[in-house]
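Report on the following structure.
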Amino acid sequence: MSNVFGLIVSGRLVQTDFAPLSETQFLITISEADTINHAVVFLTGLAPLPAGTVGMVYWSWPDPAAPPNWQLLGHISNTKPSAIFKIGNLKKLHELSNENKFISAFGQQQICHNAQIGIAIEPEANVQLLASSVAQQQNNYITFAQKMLENLVNFVASFSVTQDQMTPTPGVSYIPLNTLHNWYQNFERRLQQNPNFWKN
């Protein structure tokens with residue numbers, strides 16, 4: 001299945017040199033990928049995918065000191081022969097661990113500026129399973145966020161006092177409880193509209 005897949009990255013020539021790792025797995029390296037925001041993966045038209053299959057598209061920032069960390073982007077198929085993927089916000093392994101204050105104590109590892117796209121030919125049913133899994137994960141995020149917000153509002157409300165009950169305390173700031181309620185309602189509304197809005 002040589003040259004069945006193609007890749008377009010803004011400002012660069014089209015790449016079709018996906019290297020076969022097996023009969024169903026293909027890999028291409030993108031050099032100096034730090035400034036890339038989008039990538040287009042497509043079927044070149046030289047041959048269709050086997051009937052009943054799709055090409056699941058994965059992204060990775062290779063790390064010489066760690067196993068590959070593949071992130072699923074989506075899929076292409078004979079009925080959906082191309083797709084644009086936003087990859088500018090996908091984190092590298094060293095960015096995910098930036099909060100680790102001890103990372104420099106053992107020396108700074110060389111950071112790879114190349115990226116990889118892998119395509120795995122899988123049964124079409126895997127797309128439905130994956131969509132169901134993603135939907136369940138989003139529901140879990142929404143439920144967690146709602147419970148956390150309710151807990152915060154209830155906790156803060158338990159300390160509420162009327163203006164008559166307040167005693168002047170220099171240096172202490174007070175927030176009206178309705179401000180917190182408004183923020184909660186706005187956050188919950190945005191979460192319902194787009195469960196991933198907080199990622200941007």
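Some observations on this one:
- Residues located in the range 149-160, provided they are open to solvent by 100 Å² or more (accessible area, probe 1.4 Å) and within 21 Å of residue 139 (Cα to Cα): 151
- Of all residues making up the range 1-56, the number that are free of Cβ contacts under 8 Å to residues at least 24 places away in the same chain and either part of a strand (DSSP E or B) or touching a helix residue (DSSP H, G or I) at 6+ places or on another chain (Cβ under 8 Å) (or both): 3
- For the range 161-200, the candidate set comprises residues that are over 15 Å from residue 143 (Cα atoms) and among the charged types (D, E, K, R); within that set, the residue that is nearest to the chain's Cα centre (by Cα) is 199.
- Within the range 163-178, if we keep just the residues that are assigned to a helix (DSSP H, G or I) and open to solvent by less than 100 Å² (accessible area, probe 1.4 Å), the residue that is nearest to residue 152 (Cα to Cα) turns out to be 177.
- Residue under evaluation residue 138, criteria (1) modelled with pLDDT of 80 or more; (2) under 15 Å from residue 72 (Cβ atoms); (3) open to solvent by 50 Å² or more (accessible area, probe 1.4 Å), criterion not met: (1)
- Pairing each residue of the range 141-166 that is at negative phi with any residue that is of a type in the set (Ser, Thr, Tyr) and part of a helix (DSSP H, G or I), provided the two are 6+ apart or on different chains, yields C-beta distances under 6 Å for 149/184; 153/184.
- Among (1) at pLDDT 90 or above; (2) open to solvent by less than 90 Å² (accessible area, probe 1.4 Å), the one test that residue 21 misses: (2)
- Whichever residue in the range 37-54 is crowded, with 16+ Cβ neighbours inside 10 Å and under 19 Å from the mean Cα position of the chain (by Cα) and, among such residues, is nearest to residue 129 (Cα to Cα): 41
The values are calculated or read from the model by the stated rules, or taken from the named source; none is laboratory data. Everything numeric here is computed off the predicted structure, so don't read it as measured data. Note that we place each Cβ from the backbone using ideal geometry, even for glycine, and neighbour counts take in every protein chain shown. Areas reflect the complete protein model, heavy atoms only, side chains present, ligands, DNA and RNA absent. Shrake-Rupley method; radii C 1.70, N 1.55, O 1.52, S 1.80 Å.
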